[in-house]
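What follows is one structure encoded as structure tokens, with my remarks underneath.
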Amino acid sequence: MGIIRSFILTAAAAAALCGCGLQSVSYSMNGASIDYTKVKTFSVDYFTNKTPFAPNLASDFTEDLKEYLRSRTNLTELTDNNGDVRFEGQITSITQRPMEIQADEVAASNRLTVTIRVKYTNTTDGTYDFDTSFSQYEDYGIDEDYTSVEQELLDNISQKIIEDVYNKAFVNW
């Protein structure tokens, strides 16, 4: 009898919430809230690299951002930069600098930092539009050959920046 009562109460609560119009906003386990009745598509314009470093980073970042959005939203991708939500921007800075200088004036590690400017436009509700630079870094040891760890460092930094962009666009904390 208790199971039936719990089921009826749950069904009644769900029906009440649907009657209030709350069904139009989707909440996911990753904290995003997207109004799928208004926002149905996304587009990611090609991110250009304004630095002389890491020539593949622009295409890698663009594709990784698209994949991240495809895997974490129910939005349909448009390829003509005409989505309900739009992402565009450029890689503005890639720097390396020594870290943790020791007594003998030798660095214990190096830091690779990437800065990417992202313009986000929501054509259905411009409340959370932004044009912001996101910066992340990865440290690596002085004993590591940069060319052998570069791609892994760039991949890790890109993922951190993509998570920051996603959170700013959809989580709105």
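Observations on the model:
- Among the residues of segment 39-62, those identified as under 20 Å from Asn81 (Cα atoms) and either modelled with pLDDT under 95 or of a type in the set (Phe, Trp, Tyr) (or both) are Phe42, Tyr46, Phe47, Phe61.
- Checklist (1) under 22 Å from Ala32 (Cβ atoms); (2) surrounded by fewer than 14 Cβ atoms within 10 Å (Cβ to Cβ); (3) in contact (Cβ under 8 Å) with a residue 24 or more places away in the chain applied to Ser71, failing item: (3)
- For Arg86, the criteria (1) within 21 Å of Asp45 (Cα to Cα); (2) without any contact (Cβ under 8 Å) to a residue 12 or more places away in the chain hold in every case but one, which is (2).
- Looking only at segment 80-100, and only at residues there that are closer than 27 Å to Asp35 by Cβ and more than 18 Å from the chain's Cα centre (by Cα), the one that is modelled with the highest pLDDT: Asn82
- For segment 30-37, the condition of being loosely packed, with under 12 Cβ neighbours inside 10 Å and at pLDDT below 70 holds for none of the residues.
- Counted residues, segment 52-61 - those being of a type outside the set (Gly, Ala, Ser), buried (at least 17 other Cβ atoms within 10 Å of the Cβ) and not in a helix (DSSP H, G or I): 0
- Candidates in segment 106-121 are the residues that are of a type outside the set (Ser, Thr, Tyr) and within 22 Å of Val85 (Cβ to Cβ); of these, the one that is surrounded by the fewest Cβ atoms within 10 Å (Cβ to Cβ) is Lys119.
- Unmet requirement for Thr124, which otherwise passes all of (1) under 27 Å from Glu63 (Cβ atoms); (2) part of a strand (DSSP E or B): (2)
- Filtered by the rule that a residue be in contact (Cβ under 8 Å) with a residue 60 or more places away in the chain, under 18 Å from Val165 (Cβ atoms) and of a type in the set (D, E, K, R), segment 36-68 gives Asp60, Asp64.
- Restricting Glu152, Glu105, Glu144 to residues that are on the phi > 0 side of the Ramachandran plot and either at pLDDT 95 or above or not polar (S, T, N, Q) (or both) narrows the list to Glu105.
- Here the condition is being surrounded by fewer than 14 Cβ atoms within 10 Å (Cβ to Cβ), within 20 Å of Glu152 (Cβ to Cβ) and not small (Gly, Ala, Ser); of Thr79, Thr95, Thr124, it holds for Thr95 alone.
- The residue pairs whose first member lies in segment 104-118 and is within 22 Å of Val165 (Cα to Cα), whose second member is among the aliphatic types (A, V, I, L, M) and surrounded by fewer than 19 Cβ atoms within 10 Å (Cβ to Cβ), and whose beta carbons are closer than 6 Å, counting only pairs six or more residues apart or on different chains, are Arg111/Met99.
- Residue within segment 140-150 that is touching a residue at least 12 places away in the same chain (Cβ under 8 Å), surrounded by 15 or more Cβ atoms within 10 Å (Cβ to Cβ) and part of a strand (DSSP E or B) present: yes
The values are calculated or read from the model by the stated rules, or taken from the named source; none is laboratory data. Note that the coordinates shown come from a computational prediction; the quantities given were computed from them, not determined experimentally. FYI the Cβ positions are ideal-geometry reconstructions off the backbone, even for glycines, and counts take in every protein chain you see.
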